[in-house]
Amino acid sequence: MIGKQDRWQEDLFVAGPLRDLVPDDHILKRVSRVLDLSWLRQEVSDCYDEGLGRPSIDPEAAVRLMLAGFFQGIVHDRKLMREAQVNLAIRWFAGYRLHEALPDHSSLTRIRQRWGARRFKKIFQRTVEQCIRKGLVDAETVHVDATLIRADVSWESLVEVHAEKVVKENEEDGPRRVGGRPGKRGKGKKRSTTDPDCTMTTNRNDQRMEPAYKQHVAVEDKSGVIVDVEVTTGEESEGKRLLGQLERVERMTKQKVKRVTGDAGYAHAANYAALEERLTEAVIPPQEESRKCKHIPLRRFKYDGKHDVMKCPVGRKLCRGGYDERGRRYRARRKDCQACPLRQRCLPDTAKARQVLIVDGYEALLRARRWRSRWDQETCEWYERHRWRVEGRHGEAKTQHGLRRAARRGLWNMEIQSYLTAAVQNLKRLAALLSAFLGWMERHRGRGRDRGGIGTPRTERMDLYRSDRRAA
């Protein structure tokens with residue numbers, strides 16, 4: 001017999017609580033078991049005046065609405081509130097009954113403006129602390145990487161601008177000098193008139209530059225928990241952020257970082273030297289010198305850092321020159337270069353003597369290059385883990401949680417989006433741990449107290465569960 005469903009009958013009452021209408025395996029229901037925002041009200045109390053105005057949206061309800069949107073890849077407030085009108089799981093997760101009116105989308109905007117990025121960073125840090133307490137974090141090995149996030153601007157908003165101060169100096173002093181020689185005025189940078197904080201950048205030289213921000217992430221190796229997030233403009237070098245990232249990770253986890261992995265973007269000589277000084281193993285492939293040199297490359301020169309002596313390929317000493325922000329320069333004597341048999345291969349036609357630049361940490365860079373050629377199987381495996389640990393987190397954030405493009409404009413808005421996305425990713429891992437633990441408890445329900453059965457304290461059960469995981 002063919003059944004028939006009456007689709008026009010409306011129920012006046014709903015039998016049962018709203019919780020029963022949300023499946024037990026729904027991500028919001030699983031995360032609600034581990035999400036603790038009881039501290040938030042006191043944290044943001046200084047942003048409100050208790051004696052003036054109407055009651056605001058409950059801070060925890062507002063954050064739960066935002067998190068629910070990020071779990072489903074909804075990053076825009078209008079779309080989120082339209083979805084929450086008909087989505088029972090979001091209503092239940094945020095604490096709104098079926099007959100209660102949801103807040104206007106503009107209320108979430110005002111909350112972000114009032115709280116600022118610092119308090120949303122606190123939400124992310126709380127998820128890291130939860131992961132640490134549950135034993136998910138082991139910061140002895142940390143994987144670092146950066147990714148570009150397309151800014152929320154159009155191509156029509158980009159204009160070519162020059163710094164007014166530089167233009168004025170050029171007009172007063174004449175043409176800009178490039179490398180000590182008169183030259184043409186440099187090409188101005190493109191900036192967006194609608195979002196001045198973003199900058200033009202690209203991942204590859206064969207791709208066009210786009211207005212973007214850059215997110216710097218540190219992921220611990222044990223469970224893939226994100227332990228540090230930082231957002232900068234797109235043109236900021238990730239290599240310059242490495243040491244600051246490690247310091248923040250150690251403060252957060254109260255644990256010494258013994259090994260760090262990264263791609264060639266972190267292969268700065270200064271980074272290798274600093275990591276050697278702090279006794280941290282650097283699994284970072286160094287960039288090789290270009291083999292397509294018109295003249296004798298720097299690797300043919302011999303540098304003795306202990307005695308601060310630089311010698312050219314024929315054994316002549318170079319004089320120590322000035323020091324700038326990149327390192328120290330060494331210059332050969334003119335008479336040595338004039339009588340040198342390698343002059344044609346070593347010097348340009350217009351140069352009188354050869355000079356080279358030794359960057360800070362050059363000796364550490366040479367040691368890293370030598371060690372790279374001798375990487376053992378274990379080191380190669382650590383670098384492979386970097387590729388799917390931290391780069392996998394970037395892919396997850398962009399494909400599942402809407403981080404491929406900035407939802408709003410301004411650096412502080414981009415920071416809030418990154419913090420909430422990282423918090424969502426950590427909460428997913430906490431929820432997965434709890435689900436696995438509850439399943440383990442169900443399997444051990446009929447066993448004795450020594451194996452996690454009835455009567456075993458929860459802390460002892462968690463210890464037994466961790467030991468079983470390690471054994472597996």
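The values are calculated or read from the model by the stated rules, or taken from the named source; none is laboratory data. Note that this is a predicted model, so its numbers are computed, not measured. Reconstructed Cβ throughout: ideal geometry from the backbone, glycine too, with neighbour counts over all protein chains shown.
Could you tell me which numbered condition residue 234 fails, if it satisfies all but one of (1) within 13 Å of the chain's Cα centre (by Cα); (2) within 30 Å of residue 132 (Cα to Cα)?
That leaves (2) as the condition not met.
Let's see how each residue does on (1) under 30 Å from residue 387 (Cβ atoms); (2) surrounded by fewer than 16 Cβ atoms within 10 Å (Cβ to Cβ); (3) of a type outside the set (A, V, I, L, M):
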residue	(1), (2), (3)
271	yes, no, yes
284	yes, no, no
309	no, yes, no
330	no, no, yes
342	no, yes, no
347	no, no, no
350	no, yes, yes
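When you go through (1) at pLDDT 55 or above; (2) charged (D, E, K, R); (3) surrounded by 10 or more Cβ atoms within 10 Å (Cβ to Cβ) one by one for residue 204, which number turns out not to apply?
Single failed check for residue 204: (3).
Based on this model, can you work out whether residue 80 counts as of a type outside the set (Lys, Arg), modelled with pLDDT of 90 or more and touching a helix residue (DSSP H, G or I) at 6+ places or on another chain (Cβ under 8 Å)?
So residue 80 fits the description; yes.
Here is a list: 330, 303, 323. Which entry is among the hydroxyl-bearing types (Ser, Thr, Tyr) and under 17 Å from residue 353 (Cα atoms)?
After ruling out the rest, the residue left standing is 330.
Just to verify a result, which residue in the range 213-228, among those that are in contact (Cβ under 8 Å) with a residue 60 or more places away in the chain and of a type in the set (D, E, K, R), is surrounded by the most Cβ atoms within 10 Å (Cβ to Cβ)?
Once the filter is applied, the top-ranked residue is 220.
From the list 107, 154, exactly one residue is at pLDDT 85 or above, under 24 Å from residue 233 (Cβ atoms), among the hydroxyl-bearing types (Ser, Thr, Tyr) and within 32 Å of the chain's Cα centre (by Cα). Which is it?
Testing whether each residue is at pLDDT 85 or above, under 24 Å from residue 233 (Cβ atoms), among the hydroxyl-bearing types (Ser, Thr, Tyr) and within 32 Å of the chain's Cα centre (by Cα) leaves just 154.
Select from the range 377-430 the residues that are over 16 Å from the mean Cα position of the chain (by Cα), under 24 Å from residue 113 (Cα atoms) and not basic (Lys, Arg) and write down the one among them that is surrounded by the most Cβ atoms within 10 Å (Cβ to Cβ).
407
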